[in-house]
């Protein structure tokens, strides 16, 4: 089965562990891929919607993995008992949804045996970098992958109290800059275009130009342009 570049990139970030939770599993393709790779022994595939859970069960049965993958319907990490998994994946959802899931189940990710968060946000990745610093989780690695003409950001986080983000811009992962990721120029181009557009829209209103948000957007654009120019 062809799982696609995005899902394969997510799987690449998952470290070897015994049991993993796949939050918002949809068809449970990721647990199947990780089991095929030998990176995990068991998985909990959770989804809040009945339809995806039915699709996940169909996938699990078609690969004869009923004894390795447990499909559970419920919200976020509430389907997981504290100490039951060492890692969790949240992919294909916005950062705010991920943060709400974490707020709802601190007993799961704060458990001593829980060591890895693999995140693939669809938006607002900077909010996850801020969360990592305040929550005592280090960003171990970041990655970018392109699928269907769209860029996807990925992060691997592990507990590290006192860790601080060293990047000059929260919008773009420092690990991507440090390793000179081949897709970084495209990401910077997209981010710069986004903030130029926002500023152009706000320029039409004197009140908007005088706002704190305008100043924030201007600062972010300057940071992004500095990264972009530093690569030329």
Scan the range 173-205 for residues that are in contact with a strand residue (DSSP E or B) (Cβ under 9 Å, 6 or more places away or on another chain) and either part of a helix (DSSP H, G or I) or under 19 Å from residue 216 (Cα atoms) (or both) and jot them down.
173, 174, 175, 176, 184, 186, 187, 190
When (1) over 18 Å from the mean Cα position of the chain (by Cα); (2) more than 23 Å from residue 4 (Cβ to Cβ); (3) assigned to a helix (DSSP H, G or I) are applied to residue 134, the one that fails is (1)
In the range 12-39, residues that are touching a residue at least 40 places away in the same chain (Cβ under 8 Å) and either closer than 15 Å to residue 79 by Cβ or touching a strand residue (DSSP E or B) at 6+ places or on another chain (Cβ under 6 Å) (or both) total 15
For residue 107, work out the one condition from (1) free of Cβ contacts under 8 Å to residues at least 60 places away in the same chain; (2) part of a strand (DSSP E or B); (3) closer than 19 Å to residue 20 by Cβ it doesn't fulfil.
(2)
Being surrounded by 13 or more Cβ atoms within 10 Å (Cβ to Cβ), at pLDDT 95 or above and assigned to a loop (DSSP other than H, G, I, E, B) is the filter here, so list the residues in the range 159-168 that pass it.
160, 163, 165
Residue 224 being crowded, with 19+ Cβ neighbours inside 10 Å and over 18 Å from the mean Cα position of the chain (by Cα)
yes
Looking at 141, 127 in this structure, which one is closer than 21 Å to residue 188 by Cβ and part of a strand (DSSP E or B)?
141
Pairs, please: C-beta under 8 Å, at least 6 apart or cross-chain, first residue on the phi > 0 side of the Ramachandran plot and in contact (Cβ under 8 Å) with a residue 40 or more places away in the chain and in the range 166-179, second part of a loop (DSSP other than H, G, I, E, B) and buried (at least 17 other Cβ atoms within 10 Å of the Cβ)?
none
Qualifying positions in the range 8-29 - part of a helix (DSSP H, G or I) and either over 14 Å from the mean Cα position of the chain (by Cα) or surrounded by fewer than 24 Cβ atoms within 10 Å (Cβ to Cβ) (or both):
8, 9, 11, 12, 13, 29
Please find, among 71, 85, the residue that is touching a residue at least 40 places away in the same chain (Cβ under 8 Å) and assigned to a strand (DSSP E or B).
71
I need the full set of residues from the range 110-158 which are touching a residue at least 40 places away in the same chain (Cβ under 8 Å), crowded, with 16+ Cβ neighbours inside 10 Å and out of contact with any strand residue (DSSP E or B) (no Cβ under 9 Å at 6 or more places or on another chain), in order please.
126
So which of 87, 95 is under 20 Å from residue 7 (Cα atoms), crowded, with 21+ Cβ neighbours inside 10 Å, assigned by TED's automatic domain parsing to the domain that holds residue 142 and out of contact with any helix residue (DSSP H, G or I) (no Cβ under 7 Å at 6 or more places or on another chain)?
87
When you scan the range 53-66, do you find a residue that is within 21 Å of residue 129 (Cα to Cα) and in contact with a helix residue (DSSP H, G or I) (Cβ under 6 Å, 6 or more places away or on another chain), even just one?
no
I'm told residue 61 meets every condition in (1) assigned to a helix (DSSP H, G or I); (2) more than 22 Å from residue 100 (Cα to Cα); (3) at pLDDT below 95 except one. Can you identify the failing condition by its number?
(3)
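The values are calculated or read from the model by the stated rules, or taken from the named source; none is laboratory data. Quick caveat, the model's predicted, so the values are computed rather than measured. Methodologically, a virtual Cβ is constructed for each residue, glycine included, from the backbone with ideal geometry; neighbour enumeration extends over all protein chains shown.
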